[in-house]
Amino acid sequence: MFALNSYKFHLIAILTVIVWGTTFVSTKILINHGLSPVEIFLYRFLLAYIGIWFICPRKLFANTTKDELLFAVSGLCGGALYFIFENTALGITLASNVSLIICTSPIFTALLSWILYKKEKLKSSLIFGSLTAFLGVALVVFNGSFILSINPLGDMLTILAALSWAFYGIILRQLNGRYSTLFITRKVFFYGIITMLPFFALKSSTLNPQLLDTPVILFNIIFLGLVASLLCFIAWNMAVKELGVVQTSNYIYFVPLITLLTSAIVIDEHITIIALIGTILILSGVYIAEKGFRRSKS
């Protein structure tokens, strides 16, 4: 059983990945309506950054120059690099490849945590649980159609996206003890926008603000900005602060499952027996990894 105090943070992490699992459909709708992936990122982070000023303390800078640089790197890794790598990969390789490879992020997070903090041992249950969940993700993503088209560039970009998110989690660990969750999240949004601008220029992307008059576009931008970014980044950072980056990251395995269910409801995609088996493996793997993690701390 989870400790009563930490139970709510497990629930927060689960609710967060439920929302993030639906963002693939929302982003796809926006792309189909003429918005570029980089433009979508700018709108959602800009809206989230404006929104967080209404609830965040007015303190502008970190306590030290070193911490300010860490915030800049966190915005780069958890914002610009992650979304640009992922969205670019989606234009090059199959979405199934991207969804599957992104879920290596918890494994990368555990490995990075072990490399940087030698006192944390990699328990066999954590490794076995992660691999079990990853196998389940593969079954859910392919959903009974085992055709993997390998595109080295697209797949490598996706691996870089997973690594970017893992580094973001490791940096959060260093900042969580010194700053509030709201302050950290605001700085991530700010530096995510700032570090994204050079990529925006390189891609020669253009803004199409006139498209925001379309209700379906406006609704999805608000959802991505205020719910999937503002609320979910705050919630995720709270969970990482309480549970630790390795433990919280295991819930990322639920994202493809939520995406599969959302796609079935919204665009009537068929769910196969293979996908249901994958669901069981995901739930079992996360449980095994979580159980092993709690034992290692006791």
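The values are calculated or read from the model by the stated rules, or taken from the named source; none is laboratory data. Here the structure is a predicted model, which means the values were calculated and not measured. Heads up, the Cβs are rebuilt from the backbone with ideal geometry, glycines too, and the neighbour counts pull from every protein chain shown. Please note that ligands, DNA and RNA were not included when accessible areas were found on the heavy atoms of the full protein model with its side chains. Shrake-Rupley method; radii C 1.70, N 1.55, O 1.52, S 1.80 Å.
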- Can you tell me which residue in segment 241-271 is modelled with the highest pLDDT, limited to those that are open to solvent by less than 20 Å² (accessible area, probe 1.4 Å), farther than 19 Å from LEU281 by Cβ and aliphatic (A, V, I, L, M)? LEU243
- Message: modelled with pLDDT under 90 and open to solvent by less than 30 Å² (accessible area, probe 1.4 Å): which single residue out of PHE83, PHE45, PHE71 fits that description?
- Response: PHE83
- Item | Filtered residue count, segment 227-239, keeping only those that are out of contact with any Ser or Thr (no Cβ under 7 Å at 6 or more places or on another chain) and either crowded, with 22+ Cβ neighbours inside 10 Å or small (Gly, Ala, Ser) (or both) | 2
- Task: Six or more apart or on different chains, Cβ under 9 Å: which pairs go from a residue in segment 215-229 that's over 11 Å from HIS33 (Cβ atoms) to one that's in a helix (DSSP H, G or I) and open to solvent by 60 Å² or more (accessible area, probe 1.4 Å)? Could you list them?
- Result: GLY225/LEU46; GLY225/ILE50
- For segment 2-13, which residues satisfy the criterion of being among the aliphatic types (A, V, I, L, M) and crowded, with 16+ Cβ neighbours inside 10 Å? ILE12, ALA13
- Query: Of the residues LEU212, LEU224, which single one is in a helix (DSSP H, G or I) and either surrounded by fewer than 24 Cβ atoms within 10 Å (Cβ to Cβ) or modelled with pLDDT under 90 (or both)?
  - Reply: LEU212
- Message: I'd like the residue in segment 138-181 that is of a type in the set (Ser, Thr, Tyr) and either in contact with an Asp or Glu (Cβ under 8 Å, 6 or more places away or on another chain) or within 18 Å of PHE233 (Cβ to Cβ) (or both) and, out of all such residues, is modelled with the lowest pLDDT.
- Response: THR158
- Can we say ILE92 is surrounded by fewer than 19 Cβ atoms within 10 Å (Cβ to Cβ) and at pLDDT below 90? yes
- Message: I'm checking my understanding of the structure. Among residues of segment 95-123 that are under 18 Å from GLN174 (Cα atoms) and assigned to a loop (DSSP other than H, G, I, E, B), which one is modelled with the highest pLDDT?
- Response: TYR117
- Query: Which residue pairs have Cβ atoms under 7 Å apart, sit 6 or more places apart or on different chains, and have a first residue in segment 15-39 that is more than 20 Å from ALA80 (Cβ to Cβ) and open to solvent by 30 Å² or more (accessible area, probe 1.4 Å) and a second that is assigned to a helix (DSSP H, G or I) and modelled with pLDDT under 85?
  - Reply: ILE18/ILE258; THR22/ILE258; THR22/THR262; HIS33/LEU211; GLY34/LEU211
- Pair list, Cβ < 8 Å and 6+ apart or interchain, from segment 242-263 residues that are on the phi > 0 side of the Ramachandran plot to residues that are surrounded by fewer than 22 Cβ atoms within 10 Å (Cβ to Cβ) and at pLDDT 75 or above: GLY244/ARG173
- Message: Suppose we keep only residues that are within 21 Å of SER105 (Cα to Cα) and either touching a Gly at 6+ places or on another chain (Cβ under 7 Å) or of a type in the set (D, E, K, R) (or both) within segment 165-188. Which one would you say is surrounded by the most Cβ atoms within 10 Å (Cβ to Cβ)?
- Response: VAL188
